[in-house]
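Take a look at the structure set out below.
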Amino acid sequence: MFTRFAPSPTGLIHIGNVRSAILNWAFAKKNNGKFILRIDDTDNERSKKKYEDLIKNNLHWLGLDWDITFNQSSRHNLYEEKIKILKDSKRLYPCFETPEELSLKKKSLLSSGKPPIYDRSSLNLTAKEIKQKISEGIKPHWRFKLEDKIIKWNDLLKGEVSFDSKKLSDPVLIRENGSLLYHLPSVIDDISENITDIIRGEDHLSNTAYHIQIFEALNSNIPNFAHHPFLTDEQGKGFSKRIGSLSIESLKDEDFESITILNYLINIGSSNDLVAEKNIENLIKNFSLKNISSASPKFSKEVLTNLNKNTLKNFNVHEVSSRISVLDKKLSQEMLWKFSKNNINFFSEIKFFIDIIKSKNNIVNNNINSDFLDVAIETLPSEPYDEETWEKWTNLINEKTNLKGKELYLPLRIALTGQDKGPEMKYLLPLLNKQNILEKFGKI
């Protein structure tokens, strides 16, 4: 089995693009196949190396490893070889209409209530007429002649799909300037790399009808196709890399975990439960094309954020140790992680809790009874502190003051953290010593 992902390096890759990449990658991995990354950079003007590099970096970051990668811009000789075959077999034919002439034809057909299908008038040109136009400096574009028949395939997601070729225009495969449109190099590369399964968005359905006939014209086996519904935003609109909407780069900058995004996109729009997962192998194991729904899934930032929060809770301290050391090298990593992990949506928010741990003089601007603080200092257990210290300490304060519940815990929390809510306090005390506590109480 060979699958592929074929992005154009003309902008930032967004979650809609990446969902297709993930589905192809997971399908290959689940079936012990190969995943190919093809860079569709035949558009010289709009293709940029910086976007190609970002695409590769984003895929690597997400954990999508590919077995083969190549650029279409390096395959002109292969394309020319196949173009000659199609021209010799009369399946590619030259057309000389200008964009304005084609637009007028389209308007005329629509005004007559007819579908805007190309009339194949260029097929009536004689060899002499074609030679004359070329000698006059008129450069042709080239169309692929569709055979008049029903084009059908058994789609892995949609079931049987069919198109009547009589209701389709012969697609343009080569522009006037000689550059290739998407269809031809895509099919040629799929043949060259023995692609067996193509999973892509349902906007490609009519393209697939064209591609099947091109496969046949080149005497090739036809891959399996699966067309998945669009991923939309919460308003039901599609995403666009041209405006950078929800690019992987932007989600990365917002500090989402890569495994969170991978988990979300592999399961959204499927019958699988969306639960926190930190193991890529488990995501692959649970993946099945059969579970993908026919309805368009809607992306939810809120759901993604909540999934990120739950994913972080699943990490043990060893899995985040190197990242913690970047933020702080002195505090106990184990206790810092216990103190913060259940209260963060994003890993970078740990910095807030490090600041809380290191805060001083928290009673300023907080109306905390000085007698209460004196009792708290008097009853403070001996160092070193552990996870049992909080309960021992509050029990001793209770014995001295008869305070309990909110009246006991809230002023002590505020004095220690400057906050009226937050993580479990039993995890804070092992991160402190007596001097730290006195500094927080404003006694030093």
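Laboratory data are not the source of any read-out in this text; all were calculated from the coordinates shown. Here the structure is a predicted model, which means the values were calculated and not measured. Glycine also receives a Cβ, built like all others from the backbone with ideal geometry; neighbour counts cover every protein chain displayed.
Within straight-line reach of Lys329, meaning a Cα separation under 19 Å, sit the following lysines at least 8 residues removed in sequence or on another chain: Lys338, Lys341, Lys351, Lys358. Annotation for the stretch 136-204: GluC sites (Glu not before Pro) lying in DSSP loop with at most 16 further Cβ atoms inside 10 Å of their Cβ are Glu136, Glu147, Glu176, Glu193. Report summary: the helix-based calculation at 222 nm, which adds -39500 (n - 2.57) for every DSSP H run with n ≥ 4 and divides by the residues of the chain, gives -13000 deg cm²/dmol. Annotation for the stretch 173-248: trypsin sites (Lys or Arg not before Pro) lying in DSSP loop with at most 15 further Cβ atoms inside 10 Å of their Cβ are Arg175, Lys237. On full extension, the segment bounded by Glu407 and Phe70 gains 114.6 nm, given 0.36 nm per residue less the C-alpha separation.
Classify the chain: rounded, prolate or oblate, from the alpha-carbon gyration tensor (a ≥ b ≥ c, eigenvalue square roots; a/c under 1.5 rounded; otherwise prolate if a/b is larger than b/c)? Prolate, because a/c is 1.5 or more and a/b exceeds b/c. Note on the stretch 215-316: Lys pairs 8 or more places apart or on different chains, Cα atoms under 26 Å apart, count 28. Annotation: amide H-H contacts under 5 Å for Ser270 (H modelled 1.01 Å from N, sequence separation of 5 or more, or interchain): Ser293.
Pulled fully out, how much extra length does the chain show between Ser296 and Glu216, if you take 0.36 nm times their separation in residues and subtract their Cα-Cα distance? Value of the extension gain: 25.7 nm.
For Lys167, the aspartates and glutamates whose Cα falls under 12 Å of its own Cα, not counting residues fewer than eight places away in the same chain, are Asp119, Glu147, Asp148. Restricting the stretch 188-228 to chymotrypsin sites (Phe, Trp or Tyr not before Pro) that sit in a DSSP loop and have at most 10 other Cβ atoms within 10 Å of their own Cβ leaves nothing.
In percent, rounded to a whole number, the relative contact order of the stretch 126-198 is 27, using alpha-carbon pairs under 8 Å and six or more apart.
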